[in-house]
């Protein structure tokens with residue numbers, strides 16, 4: 001579903017070249033949840049921007065569902081963001097005066113103008129927001145806003161979800177619930193999901209994990225096997241008991 005091939009993105013900062021993404025290749029299949037781990041400044045967010053099509057690579061290419069994202073026209077890119085990819089970003093903002101329901105249903109309005117709100121309700125309830133549907137975004141906590149963004153990202157059953165620190169504002173229990181839900185949706189809907197995180201605990205929910213450091217990708221080597229809600233990381237999934 002996602003195929004990034006030798007992707008490069010460099011920036012000039014005075015006399016220095018910042019190698020934000022430096023020849024990264026990564027594949028994520030349908031139904032697979034892959035974690036991308038790394039500290040702040042390692043290039044994770046730049047890599048997500050390239051996959052989302054917000055930036056174009058200096059070299060290499062990003063293919064999603066067989067299409068070269070860097071070569072999409074403006075119109076094709078808008079449709080790509082609406083239908084093909086769901087994005088949970090760190091810098092996303094909700095429409096402050098609109099309800100949690102209306103914010104989450106935003107991507108559904110074009111195809112389902114009359115029923116978008118009703119269609120999004122089961123997902124919001126699944127995310128623990130059933131009693132906050134009519135609350136305006138300005139009255140929601142940061143964690144609640146983050147869950148509304150997750151609902152919006154999942155609302156159109158995208159083929160790929162880019163989740164950049166999707167549990168950064170959630171407590172431990174809610175984080176595990178949300179990560180478990182994302183993993184279950186991958187399996188059920190056969191969507192690909194790239195989980196970008198600096199939280200090593202979140203890696204326990206992924207099918208596999210890689211580490212991005214100084215713009216280069218390598219395998220993540222956990223110190224110990226992580227086990228959460230029946231999802232195993234660090235061993236061959238086919239050999240589960």
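Side notes on the structure shown:
- Looking at the range 2-239, the DSSP beta bridges with both ends there are about 60 percent antiparallel.
- Radius, Kirkwood style, for the chain when every pair of distinct Cα atoms is counted (Å): 18.4 Å
- Cα gyration tensor category, rounded, prolate or oblate, for the range 79-146 with a/c compared to 1.5: oblate
- Stretched out straight at 0.36 nm per residue, the stretch from residue 125 to residue 30 would grow longer than its current Cα-Cα span by 31.7 nm.
- Residues in the range 204-222 reached by a label modelled at residue 13 [backbone nitrogen below 12 Å; 7 Å Cα→Cβ]: 214-215
- Computed over the alpha-carbon pairs of the range 1-130, the distance histogram in 10 Å steps reads 11, 33, 32, 19, 5, 0 percent, short to long.
- Using a Förster distance of 22 Å, the FRET efficiency for residue 208-residue 58 (Cβ separation, nearest 0.05): 0.20
- Annotation: extensible slack from residue 138 through residue 79 equals 18.4 nm (criterion: 0.36 nm per residue apart, minus Cα-Cα distance).
- Relative contact order, percent, the chain [alpha-carbon distance under 8 Å, six or more residues apart]: 28 percent
- Taking 0.36 nm per residue of sequence separation and removing the Cα-Cα distance, the residue 219/residue 172 pair yields an extension gain of 14.4 nm.
- Residue among 109, 212, 133 with the largest mean-square fluctuation in a Gaussian network model of the chain, springs linking Cα atoms under 10 Å: 109
- Ordered by the count of other Cβ atoms within 10 Å of each Cβ, fewest first, 71, 44 give 71, 44.
- Per-residue Cβ neighbour rank within 10 angstrom, fewest leading, 205, 63, 54: 54, 63, 205
All of the numbers you see were taken from the coordinates with simple rules; none came from a lab. All figures in this text were calculated on a predicted structure; none of them were measured in a lab. In this analysis, Cβ positions are derived from the backbone assuming ideal geometry, glycine residues included, and neighbour counts consider all displayed protein chains.
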